[in-house]
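Since the structure comes first, as structure tokens, the remarks are kept for the end.
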Amino acid sequence: MTDDTDVWKIASAADAARARAAAAGIVVAAGTPALDRARFLTSLSARLRNCLDQGGTWELRLLTGGTEHEGRLDVRLRPFDGGTAQNEPACEPVLSCPLPNLPAPGGRVGRPTSPSRALLSADEDTAAVLRLLDEQERLVQLHREELHQTNQGVLALHSDLEAAALAQRELLEAERSARAEVERARRLLNFLADASAAITSSLSPTEVLRRLTDLLVPEYAARLDVWLFDEEQGEEEGPVQEHSRAAVVAARTGRPQHAAAHLGNLPGTDDLPPAAMSPDRPLLAIPLITHRLLGVLTLIAPGPRFDADTCLMLVELGRRAGVALDNARRYEQHRDTAEALQRAQLTELPDPDGLLLAARYLPATQGMNIGGDWYDAFLQPDGSLLAVIGDVTGHGMHAAVVMGQLRTALRAYAVEDNSPAEILTRLHRMLRHLQPQLYATAMIARFRPGDPEVVWASAGHPPAVVRDADGSVRILDDAPGVMLGIPIAFTYADHVTRLPAGSSLVLYTDGLVERRAHGIDPGIERLRQALAGLSTPELEQDLDAAAEALLKPLMHDSERDDDVCLLLCHTVTYPAS
């Protein structure tokens, strides 16, 4: 570490020149680079001029110091008054200059002998700076040329990048368009699948057409018309209506027709002039075809045109709608036949002494569940009456036929004066052999004139409900036998319950009390409460009205997926002989 201080008094320009020359001598002798020397000495001259402008005497201290490998020259300027510098901070911050070769302590390295000599040395520094500036200018020129070439390359690169970006945008647009087409096709296919499921799940022609309208209007059609033909004669159903030429041509040719002011060029579709019923919007007439022509579906476009993909979807949906309508019509025909057959086999109730009878039969409103439920009531030669309720598993025509066979066989077995249990045992045996794939439930009750007791037997049937003369209600919950036709040998047992004058017995099928979401027990409880709410005068004055009163709380919903049978028996005072 070295430390040397040189002090100068500055009161005139000559003093300032000598002090500057001393500083220049130090940095020159220390080998300070020309550019650093020039910066340092220029700053020092500016500070000295500033001191002279302010007037007075100033003290300049040149302090050399640092380490063996790194030295510097620090310059401090302070006002001087008298023998010592004033205790004031320097007027400006310390000015420093690096000294690569630090002078020896106490030495006055390179100190010029006169200001003129220092001035000449300053010219050397200026020359060195000028040479450096020339070199830097040459380098700047080279950099400018390189920058120009780089700019030209960048412009060319930008042009290439712009072309590549344009190509990429075109590819992205093509990809986006392809994706949109794929998404649109997927949406149309999904709609076709969902719409097909919706229309084919109904077995009502009216409901099929309603769902078709809800599905297509307004997204795929502004308006929809369906022209249906009579099944046997091929004529229009309902009142005669005017139809577009496109619909008539579609009905005659069996091909879809497109009517508009412009050509549609739609796949599988013929073009016709615009229709009078839709002069401003295209019209599409689609024949509804299965094994035969059912009618024509006419659609008015929701916009200026039908596109090819939508047209294909609509034509296919029309084909599936035709299948759904054909199935619904066939179902209704089958249902109507089965219901007519079943109603034809329902008994006209007798009018025995001492016993009032009322019955109700309600066909299912949903599904092909018609045909299995029945009731019967008939007199025996000895004056007794058999009340019967039953339900054949399965639905439709076959169940109705089996029900008729059971009813006929039951009456035949009853002629032999068999008890309810013996009749059920013989029916069970018959059904096992004749219809091994069908089962049935049944309940038989025998009423004898003047006898306050009723004999009954059950084959897997829901329990009967009894209202006693005092208004209390009970359920005949003795364990029933197995269902008729179950592939096991079984002998049924008779049960006896009291049913004195003023009492009621309710026989019913499970459609009255069973709901899928709640099971059968809550329904039996509702039936028990409804029966408890009836009075003896109500039952004896109008038993049909009482039967309706029993149905009302249990049939509050109009949609039923099973038949309902109800047989209400009420005992009155038996007239004395």
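Structure values in brief
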quantity: Backbone N under 18 Å from the His262 label point (7 Å along Cα→Cβ), restricted to segment 269-284; calculated: 269-275, 278-284
quantity: Mean separation of Cα contacts under 8 Å, 6 or more apart, over the residue count of segment 453-554: relative contact order %; calculated: 30
quantity: Accessible area of segment 165-319 divided out per residue, in Å², using a probe of 1.4 angstrom; calculated: 55
quantity: Label point distance in nm, Ala167-Lys9, each placed 7 Å from Cα along Cα→Cβ; calculated: 8.5
quantity: At R0 = 35 Å, FRET efficiency that the Cβ-Cβ distance of Gln152 and Ala127 yields, to 0.05; calculated: 0.40
quantity: Probe 1.4 Å - accessible area at Thr253, Å² to nearest ten; calculated: 70
quantity: Cα-derived Rg over Rh, computed across the chain with Rh taken as Kirkwood radius; calculated: 1.63
quantity: In Hz, Karplus ³J(HN,Hα) per residue of segment 429-438 (6.51, -1.76, 1.60; θ = phi - 60°; x = Gly, Pro); calculated: 5, 5, 5, 4, 8, 8, 9, x, 9, 10
quantity: Heavy-atom accessible area ranking, 1.4 Å probe, most first, across Thr126, Thr491; calculated: Thr491, Thr126
quantity: Interchain or long-range residues, amide H under 5 Å from Val7's placed H; calculated: Leu62
quantity: Rounded accessible area per residue of segment 509-556, 1.4 Å, Å²; calculated: 53
quantity: Full-extension gain in nm, Ala409 to Arg252, via 0.36 nm per residue minus C-alpha separation; calculated: 51.2 nm
quantity: Accessible-area value, Thr497, 1.4 Å probe, nucleic acids and ligands omitted, Å²; calculated: 20
quantity: Charge tally in the Cβ shell below 13 Å around Pro274, where Lys, Arg are +1 and Asp, Glu are -1, Pro274 excluded; calculated: +1
quantity: Over the chain: helical MRE at 222 nm, DSSP H runs n ≥ 4 each giving -39500 (n - 2.57), nearest 500; calculated: -15000 deg cm²/dmol
quantity: Sites matching GluC sites (Glu not before Pro) across segment 487-560 that sit in DSSP coil, with at most 12 neighbouring C-beta atoms within 10 Å; calculated: Glu559
quantity: Pairwise FRET efficiency - Ser201 versus Glu416, Cβ, R0 = 56 Å, nearest 0.05; calculated: 0.70
quantity: Charge tally in the Cβ shell below 11 Å around Asp15, where Lys, Arg are +1 and Asp, Glu are -1, Asp15 excluded; calculated: +2
quantity: Calculated from backbone phi, Karplus (6.51, -1.76, 1.60) coupling profile of segment 327-337 in Hz, x at Gly/Pro; calculated: 5, 5, 5, 5, 4, 5, 4, 5, 5, 4, 5
quantity: Ordering of 263-272, 221-230 by burial proxy (mean other Cβ atoms within 10 Å per residue, highest first); calculated: 221-230, 263-272
quantity: For the chain: relative contact order, % (alpha-carbon pairs under 8 angstrom, 6 or more apart); calculated: 10
quantity: Rounded Å value of the spacing that divides the Cα centres of segment 119-189 and segment 515-556; calculated: 92
quantity: Local electrostatic count, Arg144, Cβ distance below 12 Å [Lys/Arg +1, Asp/Glu -1]; calculated: -2
quantity: HN-Hα J in Hz across segment 512-519 - Karplus 6.51, -1.76, 1.60, θ = phi - 60°, x for Gly and Pro; calculated: 6, 10, 9, 10, 4, 7, 10, x
quantity: Label-point separation, Ala545 to Arg186 (7 Å along Cα→Cβ), nm; calculated: 6.6
quantity: Rounded percent of accessible protein surface that carbon and sulfur make up, the chain, 1.4 Å probe; calculated: 53
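The values are calculated or read from the model by the stated rules, or taken from the named source; none is laboratory data. What you see is a predicted model; the values in this text were computed from it and never measured. Reconstructed Cβ throughout: ideal geometry from the backbone, glycine too, with neighbour counts over all protein chains shown. Side chains are part of the model used for accessible areas, which takes the heavy atoms of the whole protein and leaves out ligands, DNA and RNA. Shrake-Rupley method; radii C 1.70, N 1.55, O 1.52, S 1.80 Å.
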